[in-house]
1. Is it the case, given these coordinates, that Ala41 is among the aliphatic types (A, V, I, L, M), in a helix (DSSP H, G or I) and surrounded by fewer than 17 Cβ atoms within 10 Å (Cβ to Cβ)?
2. Examine the range 120-132 for a residue that is at pLDDT 60 or above and in contact with a strand residue (DSSP E or B) (Cβ under 7 Å, 6 or more places away or on another chain), and state whether such a residue exists.
3. Need pairs with beta-carbon distance below 8 Å; first residue farther than 21 Å from Val97 by Cα and within the range 3-26, second surrounded by 11 or more Cβ atoms within 10 Å (Cβ to Cβ) and at pLDDT 95 or above; sequence gap 6+ or separate chains.
4. Report, by residue number, each residue of the range 44-92 that is part of a loop (DSSP other than H, G, I, E, B) and within 27 Å of the chain's Cα centre (by Cα).
5. Quick one: in the range 1-38, of everything that is in contact with a strand residue (DSSP E or B) (Cβ under 9 Å, 6 or more places away or on another chain) and among the acidic types (Asp, Glu), which residue is surrounded by the most Cβ atoms within 10 Å (Cβ to Cβ)?
Amino acid sequence: MRHRQGGRKLGRTTSHRLAMLRNMVTSLLEHEQIETTDAKAKEVRRVAEKMITLGKRGDLHARRLAMRVVRTREVAAKLFDELAPRFQARPGGYTRVLKSRRRVGDAAPLSLVELVDRETGAVAKTDAPAKAGKPARKSAAKPKARPEADAEPKPRRRATATGRAKAPVAKPTKQRPKV
């Protein structure tokens, strides 16, 4: 039985799970909004709320504890200098999880995790709509077109009585002399 065992394992080893959560919390504090699966969003929310609470404390020990989770010094500075004063009057509930859509590839339910008093100028990378359900390609280079003059036409396949196509019959190029 899993009595008093908090948290989700997310199908990962402990080290992988902790590294992933550290990266996601750092991204959430940096961009103030991220999109992820529902289960990961609920776990990221737990860690992010603890980081903002440490930021509100503001002492040296809180900074050292936050640096265990937050990956970059710039995000840690933002946590203590910008985010903590913004949430000083709020007694908790610094993040919200909004159900957004289903992922195209595997139909996983996705959610937006964002800070409650998020600046309106901050725009997440995931706000751009995807084109007709296809993910964006990294390189927009077009494939090279084959010139029609150089290309040989493909031999046509013949249909048989069973409906299956047969391989084309190769025509002999030279006639053999009769003996």
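The values are calculated or read from the model by the stated rules, or taken from the named source; none is laboratory data. All values derive from a computational prediction rather than experimental measurement. Cβ: placed from backbone, ideal geometry, glycine included. Neighbour counts: every protein chain shown.
1. Working: among the aliphatic types (A, V, I, L, M): yes; in a helix (DSSP H, G or I): yes; surrounded by fewer than 17 Cβ atoms within 10 Å (Cβ to Cβ): no.
No; evaluated as a whole, the condition is false for this residue.
2. no
3. Partner pairs satisfying both residue conditions: Arg12/Met20.
4. Step one: filter the range 44-92 for residues part of a loop (DSSP other than H, G, I, E, B), giving 58-59, 70-72, 87-92.
Scanning the range 44-92 gives Val70, Arg71, Thr72.
5. Glu32
For every residue, the table says whether it meets (1) touching a residue at least 60 places away in the same chain (Cβ under 8 Å); (2) among the acidic types (Asp, Glu); (3) over 21 Å from Arg22 (Cβ atoms); (4) surrounded by 14 or more Cβ atoms within 10 Å (Cβ to Cβ).
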position: Gly55; (1), (2), (3), (4): no, no, no, yes
position: Asp59; (1), (2), (3), (4): no, yes, yes, no
position: Arg71; (1), (2), (3), (4): no, no, no, yes
position: Glu74; (1), (2), (3), (4): no, yes, no, no
position: Ala77; (1), (2), (3), (4): no, no, no, no
position: Ala84; (1), (2), (3), (4): no, no, no, yes
position: Val97; (1), (2), (3), (4): no, no, no, yes
position: Ala107; (1), (2), (3), (4): no, no, yes, no
position: Ser111; (1), (2), (3), (4): yes, no, no, yes
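For every residue, the table says whether it meets (1) assigned to a loop (DSSP other than H, G, I, E, B); (2) at pLDDT below 95.
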{"site": "Met1", "(1), (2)": "yes, yes"}
{"site": "Gln5", "(1), (2)": "yes, yes"}
{"site": "Arg8", "(1), (2)": "yes, yes"}
{"site": "Arg12", "(1), (2)": "yes, no"}
{"site": "Ser15", "(1), (2)": "no, no"}
{"site": "Ala19", "(1), (2)": "no, no"}
{"site": "Met24", "(1), (2)": "no, no"}
{"site": "Ser27", "(1), (2)": "no, no"}
{"site": "Glu35", "(1), (2)": "no, no"}
